Amino acid sequence: MQRAGVWRRLRRRLDRACGANPATAWRLELSRRAGELPGVSLRRLMVLPFAALLALAGCGEPPRAAPAAAAPAVLPEPAAAVAATNSPAFAAASEASASPPAAEEGGPSLATDAERAGEWSSRGDQLLNGGRLAEAADAFREALRLDATLESAHYNLAYTLTRMDRTDEAIGHYREAIRLAPDYAEAHNNLGNLLNKLGQREAALHHLQRAVEANPDSASAHNNLGSALAAAGRVPEAEACFVRALGLRPDYLEARYNLGLACLQRGAPDEARRQFEEILRQKPDFQPARQALARMR
């Protein structure tokens, strides 16, 4: 979903930069250029730096625009009951330099600032993937200094700060990411989880519901909403969320475990036992389920 959003923003940006031409002129030109290279598609060209795309499309220098940022690392913060485990498969961590991207000769223009912000954000992704949290946070801050409208940098900085136990700062950046992109499902999801852990139930439910609305096919979002509903004592609604999560991802053991806990909350121990036993059938070393069964004996 994030990659699709980046694609849409990049197309809008090219439309604005090439406004003197017909709306599809840049696409036709880039498609022609892609056709000259074996095995290269238009989408493959779109990973090039924005300045290179402008040159290939035959467009002039763009006006100030939001950068086509690299897709943010989608790393949901765990829900209160059981951690959501759909962390992304990052590429292998590289040794990213802490030095800034080089400025263009003659001093940075507004467009260059936007491009450099995207580079700093990508650098932060690499550092975060390598576990270098403080350096990653600095890289995301530099991206935001250059372009404060880069919602993915706010999101990734918030996630990094959460890992550093700086919750208040993280909440502020999640809120800013949502202000810039109101349907940012992952930001709603992570902010909702943080608020739920802090006991701010109504605010947590609001953001987790928004996460589900923005991305109804996210098993993690349904599971996390269910955890918040269960914490608020709304057990039947919580069960429905866990069932929905399992419908989307039948091997989602955390959602099945949470469903078992919800069954215990409403006084259905036999159903809870079935859920815990099914978890252990799939994964014998899933300790929370084993411990839950031991407590039921």
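For the reader, a short list of remarks on this structure follows.
- So Asn215, is it touching a Pro at 6+ places or on another chain (Cβ under 7 Å) and within 26 Å of Gly118 (Cα to Cα): no
- Residues of the range 212-239 satisfying the condition of being within 22 Å of Leu259 (Cβ to Cβ) and touching a Phe, Trp or Tyr at 6+ places or on another chain (Cβ under 9 Å): Ala219, Ser220, His222, Asn223, Gly226, Ser227, Ala230
- Test: residue in the range 227-245 that is of a type in the set (A, V, I, L, M), closer than 25 Å to Ile178 by Cα and surrounded by fewer than 23 Cβ atoms within 10 Å (Cβ to Cβ): yes
- Scope the range 256-297; condition of a type in the set (A, V, I, L, M, F, W, C) and in contact (Cβ under 8 Å) with a residue 40 or more places away in the chain; matching residues: Leu261
- Taking the range 193-214 as the range and being within 16 Å of Glu237 (Cβ to Cβ) and of a type in the set (A, V, I, L, M, F, W, C) as the test, the residues that pass are Ala204, Leu205, Leu208, Ala211, Val212.
- Test for Ala272: is it closer than 21 Å to Gln209 by Cβ and of a type in the set (A, V, I, L, M): no
- Evaluated against (1) modelled with pLDDT of 85 or more; (2) within 20 Å of the chain's Cα centre (by Cα), Ala93 falls short on exactly one condition, (1).
The values are calculated or read from the model by the stated rules, or taken from the named source; none is laboratory data. Everything quoted here is computed from the prediction, not taken from an experiment. Cβ atoms come from the backbone with ideal geometry, glycine included; neighbour counts cover every protein chain shown.
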